[in-house]
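Reading through the structure tokens given below for one structure.
The values are calculated or read from the model by the stated rules, or taken from the named source; none is laboratory data. Predicted model, so just to flag it, every value in this text is computed and none were measured. Every residue, glycine as well, gets a Cβ built from its backbone with ideal geometry; the counts of neighbours run over all protein chains shown.
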């Protein structure tokens, strides 16, 4: 069977960055920063992104390109003993299940983004009742828009690697950057923005050692870069053999952290601009309002206070959020789909619709039991499962995968890699430091 492949380095970087750049960056990152002291969180996030997330990303890319297969088959292929193959299969299945669960709650949030994107349009058309329905929390709206979002994702993935993932990543990522820069320039020109900038860029070093902040920053780094669930492993399996993997991985990490940084530069000053317009931005606890309330209450109130300009700014903001959501969701859906296609010879179109339907069923269940399941699924997948699965992938790359096979894989894209700094540090780092650091950070959370 002919496997798909990205046509160029830029196509891969757009797709992988698209996977990394999602609501995790544009909603999750500013929200976490608002909750965890702004600049202190930003600093810890940047440190962990390069100390832990980049080496873990490289483990996934190398295993993916070497095996040219889905996560379950890849981990079994590089295993030499029967027990390692069994563990590899379990880790692979764990990654697929986690990707599916993330996509289930993600679709609900992305559905809200789509609803809020349509609200300024209905307001302009004078459809007041529809505007209210779009922005009010309700079961019908939540399930309906989650279904629309999953359908969008299914349609892109069913078209394959070149015509689906690559084509849409190439279109959506440049649009995302253009919209983001435009919005940042606009928000920074408003009254009150400088207070937000100060909160975001001047660290309070006393907060940096807080266990909650460190765990939150690690979870953010792994979640925003789609690590541990096999998305980067699967994308790595579609990279051409002559690509220089350490360089490509570094470019993806840089793009991802840059977008997270820019998202903070947009959202945190916007919160303080909202305060100038009379919007309450502090919760009863004295902390900045974070979580869904930040994006769905504080910012819409800000846009409303801007008058007619606010309709356009609000529309642009939620278009940006929706684009970010789609670039990530396609990579998550590809993980179970690639497994169904390769391991069970299911037709790609059929596999995509089946997995899409399963994800929608779980989304519906979360919507029906929102208070008990929504936060629980987010914590279990992004703060617990993702770091642990990433640790297992590091163990596979460092302890089970033959070092010589890794070197040959890297040499196909860079014949002199053995003399470079990456090869002198990474094998030892991913073998000893990464698993221990991830485990220590993880344990710190308890």
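Numbers at a glance
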| read-out | value |
| --- | --- |
| Residue 266, sole failed condition from (1) in a helix (DSSP H, G or I); (2) more than 21 Å from residue 176 (Cβ to Cβ) | (2) |
| Hey, residue 431 in a helix (DSSP H, G or I) and in contact with a helix residue (DSSP H, G or I) (Cβ under 8 Å, 6 or more places away or on another chain) or not | yes |
| Search result, residues across segment 33-47 that are under 21 Å from residue 439 (Cα atoms) and crowded, with 24+ Cβ neighbours inside 10 Å | 41, 44, 45 |
| Condition check for residue 149: under 30 Å from residue 7 (Cβ atoms), at pLDDT 90 or above and part of a helix (DSSP H, G or I) | yes |
| Residue check for residue 250: part of a loop (DSSP other than H, G, I, E, B), in contact (Cβ under 8 Å) with a residue 40 or more places away in the chain and over 16 Å from the mean Cα position of the chain (by Cα) | no |
| Of all residues in segment 384-403 being loosely packed, with under 14 Cβ neighbours inside 10 Å and modelled with pLDDT under 95, the one that is farthest from residue 94 (Cα to Cα) | 403 |
| Residue in segment 292-302 that is more than 25 Å from the chain's Cα centre (by Cα) and part of a helix (DSSP H, G or I) present | yes |
| Search result, residues across segment 64-87 that are free of Cβ contacts under 8 Å to residues at least 24 places away in the same chain and more than 16 Å from residue 394 (Cα to Cα) | 81, 82, 83, 86 |
| Residue list for segment 275-297, filter: without any contact (Cβ under 8 Å) to a residue 60 or more places away in the chain and in contact with a strand residue (DSSP E or B) (Cβ under 9 Å, 6 or more places away or on another chain) | 281, 282 |
| Residue within segment 100-112 that is over 30 Å from residue 245 (Cα atoms), in contact (Cβ under 8 Å) with a residue 60 or more places away in the chain, more than 16 Å from the chain's Cα centre (by Cα) and assigned to a helix (DSSP H, G or I) present | yes |
| Residue under evaluation residue 123, criteria (1) under 14 Å from residue 363 (Cβ atoms); (2) touching a helix residue (DSSP H, G or I) at 6+ places or on another chain (Cβ under 7 Å), criterion not met | (1) |
| From the options 381, 364, residue that is within 23 Å of the chain's Cα centre (by Cα), buried (at least 20 other Cβ atoms within 10 Å of the Cβ) and closer than 24 Å to residue 150 by Cβ | 381 |
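Listed here are the residues, each with its yes/no results for (1) more than 19 Å from residue 318 (Cα to Cα); (2) free of Cβ contacts under 8 Å to residues at least 60 places away in the same chain.
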site	(1), (2)
149	no, no
152	no, no
157	yes, no
164	yes, no
167	yes, yes
175	no, no
179	no, no
182	no, no
186	no, no
